[in-house]
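Below is one structure, written out as structure tokens, with a few remarks after it.
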Amino acid sequence: MGVAFVAHCLLNQNSKVGDGAHCAGVYSPVIDVLREKGWRIEQMPCPELAFTGLNRFWAVKEQLDTAAYRRHCERLAEAVAAAISVRVTKGEDVVLVGVEGSPSMGVTITSSDPLRGGRPEWPDGTAEHISGEGIFVEEIRKALARRGIGFPRVAGETHALAGHDEASQRAGLESALEG
Amino acid sequence: MKPDERSFRIMLVADGYVNPPPGGLDAVAVAAQTGWGVMQLPTDDYPPEVAGPLLAEVAEQVEEFSRHGYGFVLVGERAGLAEALAKVGVPLPDGTSPGTAAQLTEFLAARPAPGASWDTGQPGG
């Protein structure tokens with residue numbers, strides 16, 4: 001077993017953008033798997049909460065990708081990387097559990113729309129999910145690289161994706177935990 | 001903001017209650033059952049240079065929630081938390097160090113309703 005560094009909102013849905021909280025507080029479908037498998041839980045900070053606030057709009061990566069937000073994420077990523085470094089130094093296995101589709105916390109799928117901006121209206125069905133990492137995850141990758149630490153295995157909560165399926169989400173997480 | 005399922009209630013939880021020893025109280029399970037969110041405090045095992053920045057980030061996020069009327073409690077203790085919160089002008093919330101899930105559940109049930117709610121029309125402030 002090892003240590004799972006989890007996205008903040010998986011333990012605290014209150015941090016979600018408005019209309020984004022899938023439950024009152026703890027997102028059990030992910031946390032329960034970590035418990036069952038005996039993994040230690042470490043919650044990462046929510047990069048969007050302190051920077052863009054509770055009244056933030058839903059956003060794609062390009063809207064958040066400013067120099068100031070990058071610096072904010074870099075500061076948070078350094079704190080997380082320092083904690084991961086402690087674990088790695090002890091020889092503990094580490095996984096990172098993000099939020100697929102998130103412009104900040106996506107681990108294999110983020111959101112992108114280079115034209116989005118201005119008045120916050122856009123057509124339903126706009127395809128915004130693309131392969132890639134969110135901004136905070138990118139900064140964690142950089143912070144670990146600066147420490148000479150390899151990027152951990154990843155899994156993601158998939159609620160935001162079309163065709164979300166809890167069984168598939170669980171299978172993906174279990175696969176990451178098993179290595 | 002559009003309504004969603006958030007509770008507007010958050011527990012600041014010492015690591016020993018998030019990752020309890022065998023037979024220990026799992027505060028995350030209680031939070032899941034009672035509808036509270038969890039903000040984990042860094043483990044005491046971390047050296048100050050690792051724990052300090054993590055505590056500062058917790059405090060900054062608590063500040064944002066507090067500005068908008070979200071309710072907080074503290075479960076367990078964490079050295080340095082009061083100082084980190086003081087730097088952002090937030091007092092240490094009421095706390096408990098329960099021994100059982102029933103004790104924690106009882107404590108949470110006695111908490112006043114948070115200032116923020118979808119009913120007030122001021123979910124975010």
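Values as computed for the structure displayed
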read-out	value
Segment A:2-178: relative contact order as a whole-number percent, Cα under 8 Å and 6+ apart	24 percent
Relative packing of B:30-38, B:98-106, A:50-58, A:69-77, which averages over residues the other C-beta atoms within 10 Å, highest first	B:30-38, A:69-77, A:50-58, B:98-106
Mean separation of Cα contacts under 8 Å (6+ apart) over length of segment B:9-109, as relative contact order %	32 percent
Distance from segment A:96-123 to segment B:61-125 (C-alpha centre basis), Å	30 Å
A:Ala162/A:Glu36 FRET efficiency (R0 30 Å; Cβ-Cβ; nearest 0.05)	0.65
Total formal charge among the other residues, if their Cβ is under 15 angstrom from that of A:Glu36, Lys/Arg +1 and Asp/Glu -1	-1
A:Asn55-A:Ala171 pseudo-label distance in nm [points 7 Å out on the Cα-to-Cβ vector]	4.4 nm
Compactness of segment A:86-179 as Cα Rg over 2.2 N^0.38 Å, two decimals	1.25
Cα convex hull of segment A:2-178 - mean projected area over all directions, nm²	9.9 nm²
P(r) tail fraction, chain B - alpha-carbon pairs more than 21 Å apart, %	40 percent
Percent antiparallel among DSSP beta bridges (both partners in the protein assembly as shown, rounded to 5)	10 percent
Using alpha-carbon coordinates, inclination of helix A:67-89 to the longest axis of chain A, degrees	10 degrees
Evaluated over the protein assembly as shown, the Cα radius of gyration and Dmax, each in Å	18.2, 54
Simple spin-label estimate for B:Arg67 and A:Arg119 in nanometres, 7 Å along Cα-Cβ	2.8 nm
Averaged over A:38-46, number of beta-carbon atoms from partner chains that fall within 10 Å	5
Segment B:Thr96-B:Ala110, extension gain: residue separation times 0.36 nm, minus the distance between their alpha carbons	3.8 nm
Chain B - mean residue ellipticity at 222 nm from DSSP helices (-39,500 (n - 2.57) per run, n ≥ 4, rounded to 500)	-11000 deg cm²/dmol
Rounded to whole Hz, the Karplus (6.51, -1.76, 1.60) HN-Hα couplings of segment B:105-112, x for glycine and proline	4, 5, 4, 5, 5, 8, 6, x
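Since every read-out is calculated from the coordinates, none of them should be taken as a lab result. Please read these numbers as outputs of a predicted model, since none were measured by experiment. Quick reminder, even Gly has a Cβ in these numbers, built from the backbone with ideal geometry, and neighbours come from all protein chains shown.
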